[in-house]
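Peer 1: Before anything else, here's the structure in question.
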Amino acid sequence: MRILLDARRMEIREEVHAYLQETLGFPAYYGRNLDELYECLCELSDTELAVLHREEAGKYYLKVEKALKAAAKENRELCLVFADGQDRHENG
């Protein structure tokens, strides 16, 4: 499954986690913090996350990107790509 993430929507922590929860289909008990984001990403299977508009990202995005990259290293079924073509992280 391919999921598009718009980095422009990643500026205010609370709004970012609400956006990610909805977009990624995280459960209602998702804790809306970076540790929970990492944990939930590590549980995804057969998923490609494509990050768009990285150059226009909000302030909080850099923290989210760290969690995305760490989870992509850990989870063999998670592939992370950036629309600007500069980077690709996947494990397996």
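Peer 1: Given 0.36 nm per residue, what is the gain on full extension from residue 42 to residue 8 after removing their alpha carbon distance, in nm? Write down the numbers at each step before the final one.
Peer 2: Working: separation 34, 0.36 × 34 = 12.24 nm, distance 2.33 nm.
Between residue 42 and residue 8, full extension yields an extra 9.9 nm.
Peer 1: Turning to a different aspect of this structure: Kindly report the accessible area of the chain per residue (heavy atoms of protein chains, probe 1.4 Å, no ligands, DNA or RNA), in Å². Write down the numbers at each step before the final one.
Peer 2: Details: 5470 Å² over 92 residues.
Value for the chain: 59 Å² per residue.
Peer 1: At a threshold of 8 angstrom on Cα-Cα distance, excluding pairs fewer than six apart, so keeping six or more, what relative contact order does the chain reach in percent? Working shown, then result.
Peer 2: Numbers: 161 pairs, mean separation 30.1, N = 92.
The value is 33 percent.
Peer 1: Taking amide hydrogens as modeled 1.01 Å from N in the peptide plane, which residues meet the under 5 Å criterion relative to residue 6, leaving out close sequence neighbours?
Peer 2: The answer is 52.
Peer 1: Give me the one-decimal nm value for the distance between modelled label points at residue 59 and residue 73, 7 Å along each residue's Cα-to-Cβ direction.
Peer 2: 2.7
Peer 1: Sum -39500 (n - 2.57) across every DSSP H segment of at least 4 residues in the chain, then divide by the residue count to get the 222 nm mean residue ellipticity, nearest 500. It would help to have the intermediate numbers written out before the result.
Peer 2: Numbers: 3 runs with 35 residues, N = 92.
Computed ellipticity for the chain at 222 nm equals -11500 deg cm²/dmol.
Peer 1: To continue, here is another question. Give me the Kirkwood hydrodynamic radius of segment 1-89, using the inverse of the mean 1/r over all pairs of distinct Cα atoms, in Å to one decimal. Write down the numbers at each step before the final one.
Peer 2: Working: mean 1/r = 0.0784 Å⁻¹.
Over segment 1-89, the inverse of the mean reciprocal pair distance is 12.8 Å.
The values are calculated or read from the model by the stated rules, or taken from the named source; none is laboratory data. For clarity, every value in this text was computed on a predicted model and none was experimentally measured. Because the Cβ atoms are built from the backbone with ideal geometry, glycine has one as well, and the counts that use them run over all protein chains shown. Areas reflect the complete protein model, heavy atoms only, side chains present, ligands, DNA and RNA absent. Shrake-Rupley method; radii C 1.70, N 1.55, O 1.52, S 1.80 Å.
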